[in-house]
Amino acid sequence: MRLSSKDLLGLEDIGAEEITFILETAKEMKKIVTSSMKRVNYLQGRSVVSLFYENSTRTRVSFELAAKYMGAQAVNVSVASSSVAKGETLIDTGKTLEAMGTDIVIIRHNQSGAPHLLARNINASVINAGDGMHEHPTQALLDMMTMQETFGTLEGLKVAIIGDIYHSRVARSNIIGLTKMGAQVQLFAPSTLMPVGIEHLGAKIFPTIKDAIYDCDVVMGLRVQLERQKKCLFPTTNEYCKFFGINPDNIKGAKKNALWMHPGPVNRGVEMTSTIIDADNSVINKQVTNGVAVRMALLYLLIGREEF
Amino acid sequence: MRMLIINGTVIQWDKIEKANVLIEEGTIVSTKAAPDTDADKIIDADGLYVLPGLIDAHCHLRDPGFEYKEDMVSGTKSAARGGFTSIACMPNTNPVVDNAAVVRYIIEKSKKEGYVNVFPIGAISKGLDGIELAEMGIMKEAGIVAVSDDGKPVMNSDVMKKALIYAAQFDLPVISHCEDLNLTDGGSMNEGLTSTVLGLRGIPASSEDVMVAREILLSEYTKIPVHIAHVSTKASVELIRQAKKRGIKVTAETCPHYFTLTEEACKNYNTNAKMNPPLRSREDLEAVIEGLKDDTIDMIATDHAPHHFDEKNVEFEKAANGIVGFETALALGYTKLVEPGHLSLPKLIEKMTVSPAKMLRIDKGTLERGKAADITIVDFDSEYTVDVSKFASKSKNSPFDGFKVKGKVMTTIVGGKIVYEKHEFFG
């Protein structure tokens with residue numbers, strides 16, 4: 001079985017059945033990641049190019065390792081030193097990579113919809129590794145995998161997502177994915193950082209952080225970019241931490257075995273205090289491990305060899 | 001040269017009747033001519049409608065400076081194919097129309113190469129920068145009919161107030177592109193559920209509304225008329241409605257896309273649905289139609305804004321704003337407003353002829369005896385499919401490709417001369 005589309009552009013485009021299938025496949029892949037012999041040949045002879053228009057450590061390295069663990073040729077294009085800096089369009093860059101025999105392009109871009117534009121214009125597969133404020137489907141998949149590992153299911157889970165929802169592609173993909181899987185998403189953000197109409201995606205908006213977190217199975221923090229304060233979205237990091245940050249006081253209402261999650265990188269002491277980040281309930285590093293497994297699953301399901 | 005148009009249904013803004021139109025030396029001589037009147041050329045308009053040539057108060061011809069998008073020839077052909085005989089073009093060319101030389105260039109080129117009457121609109125401010133006034137008086141002498149910084153708002157309220165006062169002295173209408181750039185804040189589509197789902201920065205309706213309110217208040221204070229370009233929101237319609245009730249001399253236009261499409265057309269990052277102001281919500285669309293019905297919105301303009309394929313085949317936020325407008329405007333007006341019963345056919349024609357002529361203060365828009373014979377002959381009965389590849393415009397950026405509509409322009413006559421007939425142009 002393969003995915004129904006040649007690309008993975010967002011969780012909006014795939015159903016619960018495919019999400020379940022990806023997560024099941026990732027479970028198998030995780031055995032490889034955590035073994036001492038991290039090498040299979042599912043992608044032998046395939047080439048994987050990551051094209052990152054934004055900075056990234058974990059997503060880029062995670063994809064690269066995922067490809068290499070499965071025997072693919074993996075190349076990173078550093079946009080700053082590429083033809084993009086000479087004004088080449090995204091479509092032209094994509095076609096150039098394709099002409100070199102690339103089977104799949106992993107793209108991160110600051111413009112929402114850029115992966116869709118690329119996918120429409122090349123025959124190679126495209127995975128969205130985060131586009132603007134739109135979606136970050138592999139992050140949401142690894143988050144869901146992490147929740148499922150602990151709770152066995154996503155159905156009926158209460159997941160609080162706290163912070164800068166407006167700019168967050170992680171939040172959008174999680175809201176869409178978790179809702180499709182039967183979880184309930186509860187949101188809290190500074191009102192300046194709550195996007196219009198988000199409740200129509202099935203999430204609930206709460207008036208205080210404590211209300212949003214109450215009785216939750218998962219509390220997910222989001223990175224807030226510190227420069228947002230210059231755009232009048234919040235006054236200071238101090239005030240942000242006090243009213244919108246996740247700290248030991250306001251998570252008291254969560255379930256006893258609740259998980260603390262964060263897509264990283266974290267601003268310690270702003271959106272999440274260190275006591276939370278380093279607590280036993282924190283699964284931030286587990287998320288990273290699962291990220292490799294989820295990306296292996298996707299690469300395999302999109303361009304893996306039929307026989308091995 | 002005598003031309004006779006027989007058997008047609010003649011629509012004037014106030015009436016609709018079977019009549020024969022006689023033209024002599026480019027001038028309308030009679031709308032009650034006998035069908036057997038002697039003529040050099042007879043057009044049989046049986047089953048067709050004969051209208052005053054359409055007038056567009058708002059278009060972008062891209063000449064000079066952006067001829068790869070459109071030029072005088074292709075732009076006026078596109079207008080003729082859409083049934084427009086007079087068009088007023090916005091000054092955001094390169095160089096900007098903020099001096100008499102560019103005005104003269106446009107007028108001379110349109111006379112030499114154009115297929116329809118072209119009326120340039122001059123800039124309000126030098127370079128469209130919104131800081132210092134452009135030479136409105138000298139440009140008026142050279143032939144501009146109005147001033148506008150369209151594409152950009154005049155952000156400084158004091159500059160706008162002075163522009164109104166100064167333009168009035170030269171009898172120039174002021175057309176305002178209402179947008180508060182601070183509220184727009186880098187947005188690329190309407191702020192709402194669709195922008196949230198697509199992860200695109202939203203432009204709130206209030207970005208338009210606060211500037212419409214400002215223009216109304218400045219007009220009230222200075223007692224000088226102001227014309228609001230491309231109205232797209234419910235609150236703007238309501239502000240204009242109340243202003244008119246209070247006797248403030250405000251006029252307004254909307255464009256076919258604002259009564260035809262909503263923000264949902266942007267789904268899948270469809271850059272052909274990207275324009276400024278952006279496509280709004282269903283509620284806004286309905287309010288625009290209500291505004292057209294009760295004459296809060298006086299006229300329909302095209303905001304014809306051609307762009308090259310490469311400028312649209314990019315990331316949504318990078319894509320250029322605007323769509324090709326001439327060649328679908330009348331058909332959308334008929335299909336979306338007249339057929340569902342929102343407007344009578346004469347009312348639609350009034351909003352595309354008499355109303356823009358009155359605002360621009362040009363002697364056009366009727367088929368009265370003695371007027372220049374600018375006439376459009378239309379088939380409103382047969383349905384057809386919009387095909388952008390057939391556009392006369394150099395650009396094909398339209399969200400209406402494949403739309404089924406009624407209202408096909410058969411013949412366009414400018415000053416008694418046929419410029420477009422049966423898919424052919426006559427220069």
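The values are calculated or read from the model by the stated rules, or taken from the named source; none is laboratory data. Predicted model only: the values in this text are computed from it and were never measured. Positions of Cβ are backbone-derived with ideal geometry, glycine not excepted, and every protein chain shown enters the neighbour counts.
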(request) Collect the residues in the range A:212-238 that are surrounded by fewer than 17 Cβ atoms within 10 Å (Cβ to Cβ), touching a residue at least 24 places away in the same chain (Cβ under 8 Å) and within 14 Å of chain B (Cβ to nearest Cβ), keeping them in residue-number order. (result) A:C232
(request) State all residues of the range A:254-301 that are hydroxyl-bearing (S, T, Y) and under 28 Å from A:L3 (Cα atoms); if no residue qualifies, say none. (result) A:T289, A:Y300
(request) Residues that are surrounded by fewer than 21 Cβ atoms within 10 Å (Cβ to Cβ): find the strands (runs of 3 or more DSSP E) completely inside the range B:8-66 holding 3 or more of those. (result) B:15-24, B:27-30, B:41-44
(message) Looking only at the range B:370-410, how many residues end up being under 24 Å from B:N20 (Cβ atoms), in contact with a Ser or Thr (Cβ under 7 Å, 6 or more places away or on another chain) and assigned to a strand (DSSP E or B)?
(response) 6
(request) Taking B:P278 as the residue in question, decide whether it is at pLDDT 95 or above, away from chain A (no Cβ under 14 Å) and not in a helix (DSSP H, G or I). (result) no
(message) Being away from chain B (no Cβ under 14 Å), touching a residue at least 40 places away in the same chain (Cβ under 8 Å), surrounded by fewer than 18 Cβ atoms within 10 Å (Cβ to Cβ) and among the polar types (S, T, N, Q): is that true of A:N41 here?
(response) yes
(request) Could you grab me the full set of residues in the range B:223-257 that are over 19 Å from B:A57 (Cα atoms), within 22 Å of the chain's Cα centre (by Cα) and assigned to a loop (DSSP other than H, G, I, E, B)? (result) B:T233
(message) Given the criteria within 14 Å of another protein chain (Cβ to nearest Cβ), modelled with pLDDT of 95 or more and assigned to a helix (DSSP H, G or I), does B:E220 qualify?
(response) no
(message) I'd like to know if the range B:289-300 contains one or more residues that are in contact with a Phe, Trp or Tyr (Cβ under 7 Å, 6 or more places away or on another chain), more than 14 Å from chain A (Cβ to nearest Cβ) and surrounded by fewer than 24 Cβ atoms within 10 Å (Cβ to Cβ).
(response) yes
(message) So B:C89 passes all but one of these: (1) at pLDDT 95 or above; (2) surrounded by fewer than 23 Cβ atoms within 10 Å (Cβ to Cβ); (3) under 29 Å from B:V324 (Cβ atoms). Which condition number does it fail?
(response) (2)
(message) Please count how many residues of the range B:251-285 are free of Cβ contacts under 8 Å to residues at least 40 places away in the same chain and surrounded by fewer than 24 Cβ atoms within 10 Å (Cβ to Cβ).
(response) 4
(message) Being without any contact (Cβ under 8 Å) to a residue 60 or more places away in the chain, farther than 17 Å from B:V250 by Cβ and of a type outside the set (S, T, Y) is the filter here; which residues of the range B:198-212 pass it?
(response) B:G199, B:G202, B:P204
(request) Quick one: B:G341 ticks every box in (1) among the small types (G, A, S); (2) surrounded by fewer than 19 Cβ atoms within 10 Å (Cβ to Cβ); (3) in contact with a strand residue (DSSP E or B) (Cβ under 7 Å, 6 or more places away or on another chain); (4) not in a strand (DSSP E or B) except a single one, so which number is it? (result) (3)
(request) Check the range A:175-196 and report whether any residue there is more than 19 Å from the chain's Cα centre (by Cα) and surrounded by fewer than 16 Cβ atoms within 10 Å (Cβ to Cβ). (result) yes
(request) Would you mind stating whether B:P225 is away from chain A (no Cβ under 14 Å) and surrounded by fewer than 22 Cβ atoms within 10 Å (Cβ to Cβ)? (result) yes
(request) Have a look at B:N117, B:N182 and point out the one that is surrounded by fewer than 18 Cβ atoms within 10 Å (Cβ to Cβ) and assigned by TED's automatic domain parsing to the domain that holds B:E315. (result) B:N182
(message) Yes or no: the range A:111-121 includes at least one residue that is away from every other protein chain (no Cβ under 14 Å), touching a Ser or Thr at 6+ places or on another chain (Cβ under 9 Å), surrounded by 22 or more Cβ atoms within 10 Å (Cβ to Cβ) and within 19 Å of A:V48 (Cα to Cα).
(response) no
(message) So in the range A:220-279, with the set limited to residues that are touching an Asp or Glu at 6+ places or on another chain (Cβ under 9 Å), of a type in the set (A, V, I, L, M, F, W, C) and not in a loop (DSSP other than H, G, I, E, B), which one is farthest from A:M194 (Cα to Cα)?
(response) A:L259
(request) Answer yes or no: is there a residue in the range B:385-392 that is in contact (Cβ under 8 Å) with a residue 60 or more places away in the chain and either touching a Lys or Arg at 6+ places or on another chain (Cβ under 6 Å) or more than 18 Å from B:Y115 (Cα to Cα) (or both). (result) yes
(message) Can you tell me which condition B:E311 does not meet? The list is (1) within 24 Å of B:T353 (Cβ to Cβ); (2) not in a loop (DSSP other than H, G, I, E, B), and all the others hold.
(response) (1)
(request) Mind listing just one residue for me: the one in the range A:70-84 that is surrounded by fewer than 17 Cβ atoms within 10 Å (Cβ to Cβ) and under 30 Å from A:E28 (Cβ atoms) and, of those, farthest from the other protein chains (Cβ to nearest Cβ)? (result) A:Q73
(message) Of everything in the range A:202-211, what is closer than 19 Å to A:H134 by Cα and surrounded by 17 or more Cβ atoms within 10 Å (Cβ to Cβ)? Give them in sequence order.
(response) A:A203
(request) Quick one: in the range A:253-306, of everything that is in contact with a helix residue (DSSP H, G or I) (Cβ under 8 Å, 6 or more places away or on another chain) and of a type in the set (K, R), which residue is surrounded by the most Cβ atoms within 10 Å (Cβ to Cβ)? (result) A:R295
(request) Could you please let me know if A:A67 is small (G, A, S), in contact (Cβ under 8 Å) with a residue 12 or more places away in the chain, away from chain B (no Cβ under 14 Å) and buried (at least 24 other Cβ atoms within 10 Å of the Cβ)? (result) yes
(request) Look at B:E191 and say whether it is within 14 Å of chain A (Cβ to nearest Cβ) and surrounded by 17 or more Cβ atoms within 10 Å (Cβ to Cβ). (result) yes
(request) Only one of these is touching a His at 6+ places or on another chain (Cβ under 9 Å), surrounded by 16 or more Cβ atoms within 10 Å (Cβ to Cβ) and more than 14 Å from chain B (Cβ to nearest Cβ): A:T59, A:T102. Name it. (result) A:T59
(request) Can you tell me which residue within the range A:85-99, out of those that are farther than 28 Å from A:R172 by Cα and within 14 Å of another protein chain (Cβ to nearest Cβ), is surrounded by the most Cβ atoms within 10 Å (Cβ to Cβ)? (result) A:K95
(message) If I filter the range A:33-53 for residues that are farther than 29 Å from B:V197 by Cα and assigned to a helix (DSSP H, G or I), do I get at least one hit?
(response) yes
(message) Can you say whether B:L48 is touching an Asp or Glu at 6+ places or on another chain (Cβ under 6 Å) and of a type outside the set (D, E), as far as the supplied structure shows?
(response) yes
